[in-house]
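The values are calculated or read from the model by the stated rules, or taken from the named source; none is laboratory data. Values in this document were obtained by computation on a predicted structure and should not be read as measured data. Virtual Cβ from ideal backbone geometry, glycine too; neighbours counted across all protein chains shown. What goes into the accessible areas is simple: the full protein's heavy atoms, side chains included, and nothing from ligands, DNA or RNA. Shrake-Rupley method; radii C 1.70, N 1.55, O 1.52, S 1.80 Å.
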Amino acid sequence: MDAFVGVFTVFVLAMFLGFAVITKVPPLLHTPLMSGSNAVSGITIIGALLSVATPNRLTTALGFVALVFATINVVGGFLVTHRMLHMFRKRD
């Protein structure tokens, strides 16, 4: 129980820190920030793949769900980033 309280405290503090950082980023830098979050989702995919390879069925199922959602996040993030970068191109 003590470990859970410690981990939960770090999670809540990370949420407040993330919210404070995101609200201070100017809109011009949202696209590079989104690309960075896509990289974090890539790390999530690696963790999910490691989870899927375990013999426990619950861990495998949760890893598969995490893999699907992280893949959707990465693909969607790159599509949105590509669309936003296309908006800044000069028209001929």
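Summary of computed values
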item	result
Whichever residue in region 44-55 is over 22 Å from residue 76 (Cα atoms) and either touching a residue at least 12 places away in the same chain (Cβ under 8 Å) or in contact with a strand residue (DSSP E or B) (Cβ under 9 Å, 6 or more places away or on another chain) (or both) and, among such residues, is most open to solvent (accessible area, probe 1.4 Å)	50
Residue list for region 32-43, restricted to those being within 8 Å of the chain's Cα centre (by Cα) and either open to solvent by less than 80 Å² (accessible area, probe 1.4 Å) or among the polar types (S, T, N, Q) (or both)	37, 38, 39, 41, 42
Among the residues listed as 29, 79, 67, 58, the single one being at pLDDT 90 or above, on the phi < 0 side of the Ramachandran plot, open to solvent by 60 Å² or more (accessible area, probe 1.4 Å) and not in a loop (DSSP other than H, G, I, E, B)	58
